[in-house]
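Q: Please find one structure pasted underneath; my questions will follow.
All of the numbers you see were taken from the coordinates with simple rules; none came from a lab. Since the model is a prediction, treat every value here as computed from it, not as a measurement. All Cβ positions, even for glycine, are placed from backbone atoms using ideal geometry, and neighbour counts span all protein chains on display.
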Amino acid sequence: MPVEIGYWALRGLAEPCRLLLRYTETEWTDATIPFSQEGKDSWFKDSKYNMGLDFPNLPYLIDGEVKLTQSIAIMRYLGRKFGLSPSEANIAKADNFEQVVFDLRMGVAKIAYSNSDEYGELRTDFLRKLPKKLEEIATFIGAGPFALGDRITYIDFLAVEYLGVVAHFSPKDVAGGPIAEYIQRIKSLPPLKKFFESEDCTHNFYSIFAPIGSWPGWPNK
Ligand SMILES: N[C@@H](CCC(=O)N[C@@H](CS)C(=O)NCC(=O)O)C(=O)O
């Protein structure tokens with residue numbers, strides 16, 4: 001049975017897993033759940049507690065006997081499965097960077113899900129601190145070409161997606177700089193290039209976050 005990833009029909013926390021699986025060009029199942037009342041009922045009432053997950057949540061991964069939730073645990077698992085784990089010498093750096101890009105994404109999520117009263121202040125505060133954070137990340141990646149040097153790891157799929165979220169949220173902070181170059185480099189890897197150029201590229205119609213807050217992150221908006 002192919003690996004199955006279950007998540008809402010949006011990018012959210014599942015997109016790094018999906019990008020990694022697309023990169024490997026293996027058969028996998030993208031078990032999307034529409035973010036509609038029907039979809040939510042089907043997940044929360046029918047599926048969530050009937051799948052044998054220890055900690056039922058979305059995204060989930062099912063790979064034979066292995067049933068996992070927690071997006072970072074899923075990424076680490078996929079990294080091990082597909083030979084995309086960091087080298088022993090780079091594990092600590094990988095753990096560190098993984099959390100840095102996740103925090104950055106969660107920073108945008110907090111604003112994205114805020115209400116219109118809070119949005120402006122949260123956004124201003126985030127954007128004030130952003131250049132320094134991006135500078136640190138650019139320095140960390142350096143010449144790369146990958147996040148941890150000369151070998152691609154699961155960290156790159158977290159980084160390309162979550163730095164991409166930031167680039168979408170504040171294009172002027174990223175465009176033309178080293179992080180934009182890094183994002184482009186990863187997206188140009190042949191299997192990903194094929195996906196991003198394909199007609200069914202979900203990035204052309206999925207929102208980044210659930211469309212319930214101030215900034216869902218729709219394509220081209
Ligand atoms: N820390 C978890 C957070 C999971 C989470 O909050 N999932 C949200 C979507 S982003 C959800 O809708 N979960 C479904 C549920 O609560 O049943 C992760 O990284 O996977």
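Q: If a paramagnetic tag sat 7 Å from the Cα of ASP30 along the Cα-Cβ line, which residues of segment 158-191 would have the backbone N under 19 Å from that point?
A: From segment 158-191, the list is 158-165, 186-191.
Q: Counting only DSSP beta bridges with both residues in the chain, tell me the antiparallel percent, nearest 5.
A: Around 55 percent of the beta bridges assigned by DSSP in the chain are antiparallel ones.
Q: Please arrange TYR154, TYR7, TYR119 by counting, for each residue, the other beta carbons lying within 10 Å of its beta carbon, fewest first.
A: Working: TYR154 29, TYR7 24, TYR119 16.
Least to most surrounded, the residues fall as TYR119, TYR7, TYR154.
Q: Please compute the contact order of the chain in relative form: average sequence separation of alpha-carbon pairs under 8 Å and at least six residues apart, divided by the residue count, as a percent.
A: Worked out over the chain, it gives 24 percent.
Q: Taking the beta-carbon count within 10 Å as an exposure proxy, list HIS203, HIS168 from fewest neighbours to most.
A: HIS203, HIS168
Q: Taking a ≥ b ≥ c as the square roots of the eigenvalues of the Cα gyration tensor of segment 30-89, is the shape rounded (a/c under 1.5), prolate (a/b larger than b/c) or oblate? The partial results should precede the final answer.
A: Working: a/c = 3.06, a/b = 2.31, b/c = 1.33.
In terms of gyration-tensor shape, prolate.
Q: Please state the relative contact order of segment 88-189 as a whole percent: Cα pairs under 8 Å, 6+ residues apart?
A: Once normalised by length, the contact order is 32 percent.
Q: Can you tell me the FRET efficiency between ASP117 and ASN220 if r is taken as the Cβ-Cβ distance and R0 is 25 Å, rounded to the nearest 0.05?
A: For ASP117 and ASN220, the calculated efficiency is 0.40.
Q: For the pairs LYS81/LYS133; LYS132/LYS194; LYS40/LYS81; LYS132/LYS221; LYS45/LYS81; LYS110/LYS221, note any where the Cα-Cα span goes beyond 23 Å.
A: Where the Cα-Cα span goes over 23 Å, the pairs concerned are LYS81/LYS133; LYS132/LYS194; LYS40/LYS81; LYS132/LYS221; LYS45/LYS81.
Q: Moving to a separate point now. For segment 39-189, how big is the tail of P(r) above 18 Å, as a whole percent of Cα pairs?
A: Numbers: 7145 of 11325 pairs.
The answer is 63 percent, as a whole percent.
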